[in-house]
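Report on the structure given below.
The values are calculated or read from the model by the stated rules, or taken from the named source; none is laboratory data. Since the model is a prediction, treat every value here as computed from it, not as a measurement. A quick note on method: Cβ atoms are made from the backbone with ideal geometry, for glycine too, and the neighbour counts reach across all protein chains shown. Please note that ligands, DNA and RNA were not included when accessible areas were found on the heavy atoms of the full protein model with its side chains. Shrake-Rupley method; radii C 1.70, N 1.55, O 1.52, S 1.80 Å.
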Amino acid sequence: MDVTGDIVRAALDEAGGRVEHDEMGVRVHVTRSPTEPMSIVFRPVLHLPFQGRKRVVVGSREIVYGAGDLVIVGAHLPALVQVTRASAAEPYVALELSLDRPLLSALVAQMPPSPKKDVESVAVDSLPESVLEPSLRLLRLLPNPTEALILGPGVKQEIYYRLLAGPVGDALRGLLHAESALTRIEGVTEWMQNHLDTPINVGHLASHANMSVGTFHRQFRKITGTSPGNYFKTVRLHEARRQIVAQAGTLAQIASAVGFVSPAQFSRDYKRTFGVAPSRDAARFRTSTDAPAAWRPQAAHPTSAGDPEHGDRTSTPENQVTGRSAVC
């Protein structure tokens, strides 16, 4: 039985309607053509691609993944993503589950102990076959809101259990260890996400992570690929762009809401990051009833999996990412 083929068909049927089920922490991703590199901010997720290929650039790392892989994103991360293999006949198709740490913790508490293991902020591994059938059942629930609400949590729990019981279980357990640098840095990035209008104090952030300032700087750069200051600026700009697309206020109001004191500095940083001035983004949206798909606010979802001809999954991305860092 071709379970993967059934998953792709179910995902395409679902993508004909609503593709985001945030109340369940579930999203269906369908892309019908290759894309240019796009600047996004990941959120902690489990990303299960079933067809096509993507790549993501996080700091100095380039990671490729696709059908048959599991992508674990453990922190909020600025990144470049690009669909590299997709077509109308064979779209890029993926299922994404928000990283549910309480559910993970509850399941781990009922399972035999396992050695502690720190994990990278973005990890790619093979998707266990035991996850395919419950993934198909979850997708088939989504068109029916009542069934999804009542039965969906149990199917999600089964998917998490299958992952924990398989070869990737240690990586998922590593996300739960309080002493893990990844977990502590994720606590800081989550604080940043919720306090975009608050000036940051590196000493306070280091204290929040229970680290010295020097250790905090090293671990933050290792996990996110950038400094705390640059990271904070990037997530502020991404939130500003989301608000511009949503027409949430004037440019001056939006700049202030995300912590920019100087509108001129906001405009310069925005154009440097997205390749277009904020006023142009605002004007383009006002002239269209729908934002072009390429510049709608993006959920955090990663990139494509390795075929044998592409060798290792990770490499230095020098001269490999073309086009603007943001597609507008």
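Let's see if you can work this out: charge +1 on each Lys and Arg Cβ, -1 on each Asp and Glu Cβ, no other charges. What is the dipole magnitude of the range 113-163 about its Cα centre, in debye to the nearest 20? Numbers along the way, then the final one.
Values: 6 positive and 7 negative charges, 27 e Å.
In total the dipole reaches around 120 debye.
Close amide H contacts of L70 (hydrogens built in the peptide plane, cut-off under 5 Å, sequence separation of 5 or more or a different chain): D125, S126, L127.
So if each residue of separation counts as 0.36 nm, and I subtract the Cα-Cα distance between R101 and K222, what length gain in nm does that give?
Values: separation 121, 0.36 × 121 = 43.56 nm, distance 2.22 nm.
Computed gain between R101 and K222 is 41.3 nm.
For the peptides 129-135, 143-149, residues were scored by their other Cβ atoms within 10 Å and the scores averaged per peptide; the highest-first order is 129-135, 143-149. On the beta carbon distance between Q247 and N210, with R0 = 35 Å, the FRET formula returns roughly 0.30.
Ligands, DNA and RNA left out, the 1.4 Å accessible surface of the range 1-141 is 51% carbon and sulfur atoms. Per-residue packing, averaged as other Cβ atoms within 10 Å, sorts the ranges 220-226, 69-75 into the order 69-75, 220-226, beginning with the highest. Computed 3J(HN,Hα) for the range 81-98, one whole-Hz value per residue from the Karplus formula 6.51 cos²θ - 1.76 cosθ + 1.60 where θ = phi - 60°, is 10, 8, 7, 9, 9, 6, 8, 4, 6, 9, x, 6, 10, 8, 10, 10, 10, 4, glycine and proline marked x. Descending by average beta-carbon neighbour count within 10 Å, the peptides 21-29, 206-214 line up as 21-29, 206-214, the highest first. In this structure, the amide hydrogen of V119, modeled 1.01 Å from its nitrogen in the peptide plane, lies closer than 5 angstrom to those of L182, counting only residues at least 5 positions away or on a different chain. Between the listed residues W191, L172, Y160, the Cα displaced farthest toward the positive end of the dipole of the range 128-260, a dipole computed from Cβ unit charges relative to the Cα centre, is found at W191. In the range 63-120, taking the dipole from charged Cβ atoms about the Cα centre, the farthest positive-side position among Q110, L99, L70 is held by Q110. Between the amide H of Q51 and those of A67, V93, distances stay under 5 Å, these residues lying 5 or more places away or on another chain, with hydrogens modeled in the peptide plane.
Our coupling estimate for the range 222-233, obtained by passing each phi through the Karplus curve with A = 6.51, B = -1.76, C = 1.60 and θ = phi - 60°, is 4, 7, 9, x, 8, 7, x, x, 5, 4, 4, 5 Hz, Gly and Pro reported as x.
What part of the accessible area of the range 193-264, given as a whole %, is carbon or sulfur when the probe is 1.4 angstrom? After summing per-atom areas, the C and S share lands at 49 percent. Placing dummy labels 7 Å off each Cα toward the beta-carbon, the span from R272 to E129 is 5.2 nm.
What number of lysine-lysine pairs in the range 107-253 show an alpha-carbon separation below 27 angstrom, given a sequence spacing of 8 or more or placement on distinct chains? Present the calculation step by step, with values, prior to reporting the outcome.
On the way: K116/K156; K116/K222; K117/K156; K117/K222; K222/K233.
Step by step, the pairs that qualify in the range 107-253 add up to 5.
Karplus-derived 3J(HN,Hα) values for the range 267-284, using 6.51 cos²θ - 1.76 cosθ + 1.60 with θ = phi - 60°, are 5, 5, 5, 4, 5, 5, 7, 9, x, 8, 6, x, 5, 6, 4, 4, 5, 5 Hz; glycine and proline are entered as x.
Between W191 and D2, the modelled label-to-label distance comes to 5.1 nm, taking each label 7 Å out from Cα in the direction of the beta carbon.
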